[in-house]
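For reference, the structure discussed in these notes is given below.
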Amino acid sequence: MLKGRDKMSKIVFDDHTNLLRENYYEYEVQDVPEANLFPEIFTFDEVPKIAFNQRLVPMHMPKEIWITDTTFRDGQQSREPFTSAQILKLYDLMHELGGPHGLIRQSEFFVYSQQDRQALELCRSRGYRFPEITTWIRATESDFNLVKELKIRETGILVSCSDYHIYKKMNLTRKKAMDKYLSVVKMALDRGITPRCHFEDITRADFYGFVVPFANALQRLSEESGIPIKVRCCDTLGLGVSYPGASMPRSVPGIIYGLRHYANLPSSLIEWHGHNDFYKAVSNAAAAWLYGAGAVNCSLLGIGERTGNCPLEGMVMEYCSLRGRTDGMNLAVMTEIAEYFEKDIGYKIPPQTPFMGSNFCATRAGIHADGLLKDERIYSIFDTGAILNRPAEVMVDAHSGAAGIAFWLGSHMGVDVDKKSPVVAAIKERIDGLYEACRTTSVSNAELEAIATEELAKASK
C-alpha cells in the first residue's frame with residue numbers, strides 16, 4: 001500500500017529514452033485478508049476471460065536477447081527420463097545450434113538422482129561455455145548444499161506468487177510467503193549462488209500487491225550482496241496474452257514493462273517461461289522479448305508439463321525473424337535434433353510440427369507440387385534445403401497428380417522430367433490403380449522408387 005509523500009514519484013532522466021520521466025511509487029506488499037483469485041476472469045466453470053483496459057505500453061526490445069533451455073528439467077516432467085547418453089547428445093546438439101555467441105545460453109538440470117548428477121557431470125566435462133549448466137532445486141538447506149558441492153553458479157528457486165498458491169496451496173499470507181522466500185534467497189546468497197527466482201503463476205498474481213513489492217525486495221538483497229538475482233516469469237497455466245491493451249494479470253507486455261519500470265529490473269535479469277495450454281507459448285515468448293525481457297525459457301520440441309513449454313526451435317526461428325539474421329546459429333542442427341529424437345530416443349514427433357515434423361516441408365496436393373515444379377518459392381516458406389537441410393518434398397498419394405510424381409522423380413532420383421512426360425503418365429497410371437483398389441495410405445519412397453525404376457527402364461528401351 002502506498003503511504004505518504006515519501007512514496008511520491010520523482011522526476012528522473014531516463015538513459016534509454018533520453019527524456020525526463022516519473023520515477024514511480026515504491027510499492028509495498030498488500031497483505032489482504034482474503035485471497036484475490038480474480039473471480040471475474042477465472043470463473044473456473046467457464047473458459048478464462050481476457051479483459052482489456054486499453055493501456056498500451058511501449059515496446060523495448062533489449063539490445064541483447066537469448067534463449068535458455070529446460071529440456072532436461074521441465075521437459076522430463078512429461079516423459080520417461082532421458083538416459084545420461086541421450087542428455088549428453090542433446091546438450092552437444094544444443095551447443096552447436098546456439099552457435100559461437102551462445103544464443104542458447106543456459107540449460108537447467110535436476111540434481112536429485114545419481115543419474116541426474118551423472119548427466120550433469122558428463123555435459124560439464126565438455127567444457128562448453130554455452131549452454132551454461134544451471135540447476136533447479138527445492139528451497140531447502142540440503143538442496144543448496146548439494147548445488148554448492150556441485151560447484152554450480154546459478155540455481156532456480158520456486159517462489160509461487162499468485163494467491164491461488166500462497167493462500168490455497170501453502171496456507172500463508174502474502175507477507176509470510178514473501179518473508180519465507182526472502183530467507184531462502186538469502187540462503188543462496190550466503191553460499192555465493194546466483195538465485196533465479198521462478199515467479200510461479202505470475203499470470204494469476206496481484207502484480208502491484210505482491211509481484212512488484214517482492215521484486216523490489218529482491219533488488220535490495222541483490223544490491224546488498226553484490227550478486228544479481230534473476231526473475232523468471234512463469235506463465236504456469238499458459239494464461240498469458242500478448243495483445244496490446246490487455247489488462248493485468250494476463251498481459252505479457254504489462255508484466256514485462258511493469259518489472260522494468262516499477263521494480264527497476266534490467267532486461268538481463270528478466271526471463272519468460274510459458275506453457276502452451278492456450279496455443280500461445282511462442283507468441284507470448286516473442287512478446288516478452290519485444291517488451292523488454294532478455295531471455296525466454298524453452299524446451300526442445302516444446303516437451304514439458306501438460307501441453308508443454310515454448311518450443312526452443314520455434315524461438316530460434318523467431319530470433320532470426322526479429323533480428324533479420326542468425327548471429328551464428330547453425331539452423332540445420334534442428335533437423336539433426338529431430339532425427340535423433342525419432343530414431344535414437346524413439347520419440348514420435350507429430351508430423352505437422354513446424355520445422356521438425358516429417359510433414360513440415362512436404363506436400364501431397366497436386367496443385368502445390370505443380371507450383372514447386374515451376375518455382376519452389378511459390379509454396380516454400382524459405383529455402384528449407386539450404387537453411388535446415390530439409391529440401392521441399394512431395395508425398396505421393398491419390399491427390400499428388402502428375403506434378404507430384406514429376407517433382408518426386410527430380411528430388412529423390414535426380415530425374416528431370418516434365419509432368420507431361422510419358423514416364424510420369426505411366427507411373428501415375430500405376431499409382432491411380434493402387435487407389436482404385438481402395439488403398440488409403442501414401443505410397444512409400446521405396447515403393448515409388450521400385451515403380452519408377454521399372455517404368456524408366458521400359459522407357460529407355
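Read-outs throughout are calculated quantities, based only on the coordinates presented, and are distinct from any laboratory measurement. Source: prediction; values computed, not measured. Positions of Cβ are generated from backbone atoms using ideal geometry, with glycine treated the same way; all protein chains shown enter the neighbour counts.
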Seminar exercise, completed: Under the 7 Å Cα-to-Cβ spin-label approximation, ASP327 and ARG21 lie apart by a distance in nanometres of 2.2
Exercise. Counting only DSSP beta bridges with both residues in the chain, what percent are antiparallel, rounded to the nearest 5?
Worked result: 15
Problem set entry | Dipole-positive endmost among ASN359, ASN330, ILE229 within the chain (Cβ charges, Cα centre) | ILE229
Problem set entry | Positive-end residue of ILE202, PRO311, VAL29, charge dipole of the chain with Cβ unit charges | VAL29
Seminar exercise, completed: Long-range amide H partners of ASN309, meaning residues 5 or more apart or on another chain whose placed amide H is closer than 5 Å, are ILE303, GLY304
For this session: Could you sort 86-92, 148-154 so that the peptide with the highest average Cβ count within 10 Å comes first and the rest follow in order?
Result: 86-92, 148-154
Exercise. When a footprinting reagent is the concern and you count Cβ atoms within 10 Å, what order do SER107, SER242, SER411, SER321 take, fewest first?
Worked result: SER321, SER411, SER242, SER107
Problem set entry | Packing-based order for 225-233, 264-272, using average beta carbon neighbours within 10 Å, highest first | 264-272, 225-233
Exercise. Lys/Arg Cβ at +1, Asp/Glu Cβ at -1, dipole of the chain taken about the Cα centre: which of ALA392, ILE133, THR71 is farthest positive-ward?
Worked result: ILE133
Problem set entry | Test item: Cα-centred dipole of the chain, Lys/Arg +1 and Asp/Glu -1 on Cβ, debye | 1000
Problem set entry | Cβ charges +1 (Lys, Arg) and -1 (Asp, Glu), total dipole of segment 362-460, debye | 120
Exercise. Expressed in nm to one decimal, what extension gain is obtained for the pair LEU182 and THR307 from 0.36 nm per residue of sequence separation less their Cα-Cα distance?
Worked result: 41.9 nm
Problem set entry | Residue order, fewest to most beta carbons within 10 Å, for ASP327, ASP397, ASP235 | ASP327, ASP397, ASP235
